[in-house]
Amino acid sequence: MEIRQLEAFAAVLTAGSVTAAGRLLERSQPVVSRQIQDLEQRLGFTLFHRTRPHVKLTEKGREFYEEVRPILAGLEVLDARARDIAQGLSRPLRVAATPSLSLSVLPQVIALLEQQQPFFQQKLFIDSLLPDEVIKQVSEGKVDIGLTSLPVDLGTNRLHWSGQAPYMLALPEGHDLADHEVIDLSTIEDQMVVSVFHRYRMRYRQATALMRAHANPNELRRIETASSVNVLSMVRVGLGVGILDPYLAACYPMDGVVVREIQNYIPAMIGVISHTDRPLHAEAPVLIEALRQFVVESVPRFIIGDDSGLPQEHDPFPELSVSE
């Protein structure tokens, strides 16, 4: 199996036809066709249904793509790095963060560092991924550090620091409860609740807090979405109230939305990871420490956690959550 065959496979899949793939790769159409045929012969199965003018993956072709996708991504990274080497550029610091943290904490910290002095040389690479993908990218060495929500299975990665702060409640401006500083979830039982879909224990914690606060849990209506920004947008147009992570709440204000503390403590845990066996990029320690310092100083009721990456179940600041 040759790299040029894999490139041809990826190009046909992307472009939708062998002819278009040839233009993309600057190869002739017969050459691309021959490379796909040679790859299929080597694999022992057909990759594409050839229905002119377009092609479509077969079931086995789709399975093969899922297996080869990380390799193709790695080739793209290698190609980009080779161009950097040719130009005498140093290897960039590569960071992966969850969507919420890449919109909130990460840009704030980078801006603060850059105000002091440039903390990276020529290039900084940032990717926005779901927690599982952040872990995977760090494990595979495709990024140097990950800023992610916790808890998750860290695998071969190590945790530099972790910490937690309580989820907040987002309300549309002018809401009846907007003049309250702290809101008990039992007071919103007749309203739609918008939240981010979570895997692992965080989803259980949010659902449990809502169910316990609701007099008739079976009547609770909810919208689950993939993004905290979606939560803010839905709250803004009056669809309901939103359970919002404290990091976006602290760093990403939105017109038409007010944010209040929740009486019922629901911890939102985050942390920074890197691969256990790989040396840290020279520019990484500065960013790791700056991230920790920023959340400690800027996110209300944030506390540093331990090496387990597991949140405390009880409110560390009970005196600050007094119902009105």
**OP:** From (1) in a strand (DSSP E or B); (2) of a type in the set (D, E, K, R); (3) under 27 Å from residue 121 (Cα atoms), pick out the condition that doesn't hold for residue 277.
**Re:** (1)
Subject >> Any pair with Cβ under 7 angstrom, 6 or more apart, that starts in segment 235-250 at a residue that is closer than 19 Å to residue 205 by Cβ and ends at one that is assigned to a strand (DSSP E or B) and among the small types (Gly, Ala, Ser) >> reply: 241/170; 242/170; 242/195; 243/195; 244/170; 245/268; 246/165; 246/268
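Can you work out which of the residues in segment 243-259 that are more than 18 Å from residue 294 (Cβ to Cβ) and over 16 Å from the mean Cα position of the chain (by Cα) is surrounded by the fewest Cβ atoms within 10 Å (Cβ to Cβ)?
255
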**OP:** Tell me, please, whether a residue that is surrounded by 15 or more Cβ atoms within 10 Å (Cβ to Cβ), among the aliphatic types (A, V, I, L, M) and within 15 Å of residue 147 (Cβ to Cβ) can be found in segment 119-126.
**Re:** yes
Original post:
If the Cβ limit is 7 Å and pairs must be 6+ apart or interchain, which residue in segment 296-314 that is of a type in the set (Gly, Ala, Ser) pairs with which residue that is part of a loop (DSSP other than H, G, I, E, B)?
Top reply: 305/311; 309/151; 309/154
**OP:** With the checklist (1) touching a Lys or Arg at 6+ places or on another chain (Cβ under 7 Å); (2) assigned to a helix (DSSP H, G or I) in hand, flag the one item residue 133 doesn't pass.
**Re:** (1)
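In segment 291-299, is there at least one residue being part of a loop (DSSP other than H, G, I, E, B) and either at pLDDT below 90 or touching a Pro at 6+ places or on another chain (Cβ under 7 Å) (or both)?
yes
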Original post:
When only residues in segment 95-145 that are out of contact with any Ser or Thr (no Cβ under 7 Å at 6 or more places or on another chain) and of a type in the set (S, T, N, Q) count, which is farthest from residue 83 (Cα to Cα)?
Top reply: 104
Original post:
For segment 301-312, does any single residue satisfy the condition of being of a type in the set (Gly, Ala, Ser), assigned to a loop (DSSP other than H, G, I, E, B) and loosely packed, with under 14 Cβ neighbours inside 10 Å?
Top reply: yes
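When you scan segment 257-282, how many residues do you find that are of a type in the set (Gly, Ala, Ser) and at pLDDT 95 or above?
2
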Original post:
For residues in segment 25-56 being of a type outside the set (Ser, Thr, Tyr), free of Cβ contacts under 8 Å to residues at least 24 places away in the same chain and surrounded by 16 or more Cβ atoms within 10 Å (Cβ to Cβ), which is farthest from residue 70 (Cα to Cα)?
Top reply: 27
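Mind telling me which of the residues 73, 86, 97 ends up being small (Gly, Ala, Ser) and surrounded by 18 or more Cβ atoms within 10 Å (Cβ to Cβ)?
Working: 73 fails: surrounded by 18 or more Cβ atoms within 10 Å (Cβ to Cβ); 86 fails: surrounded by 18 or more Cβ atoms within 10 Å (Cβ to Cβ).
Matching residue, one of 73, 86, 97: 97.
Those residues that are free of Cβ contacts under 8 Å to residues at least 40 places away in the same chain and surrounded by fewer than 18 Cβ atoms within 10 Å (Cβ to Cβ), I need them from segment 208-219; list them, please.
208, 211, 214, 215, 216, 217, 218, 219
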**OP:** Name the residue, out of 67, 40, 7, that is at pLDDT 90 or above and in a helix (DSSP H, G or I).
**Re:** 40
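Residue by residue, here is whether (1) of a type outside the set (Lys, Arg); (2) out of contact with any helix residue (DSSP H, G or I) (no Cβ under 9 Å at 6 or more places or on another chain); (3) closer than 29 Å to residue 223 by Cβ holds:
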site	(1), (2), (3)
123	no, no, no
129	yes, no, yes
132	yes, yes, yes
165	yes, no, yes
**OP:** Go over the candidates 105, 109, 55, 95 one by one and state the one that is in contact with a strand residue (DSSP E or B) (Cβ under 6 Å, 6 or more places away or on another chain) and assigned by TED's automatic domain parsing to the domain that holds residue 287.
**Re:** 95
Original post:
Quick one: is residue 16 in the same structural domain as residue 75 (by TED's automatic domain parsing), surrounded by fewer than 16 Cβ atoms within 10 Å (Cβ to Cβ) and within 20 Å of residue 73 (Cα to Cα)?
Top reply: yes
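The values are calculated or read from the model by the stated rules, or taken from the named source; none is laboratory data. All values reported here derive from a predicted model rather than from experimental measurement. Glycine gets a Cβ as well: all are built from the backbone with ideal geometry, and neighbour counts include every protein chain shown.
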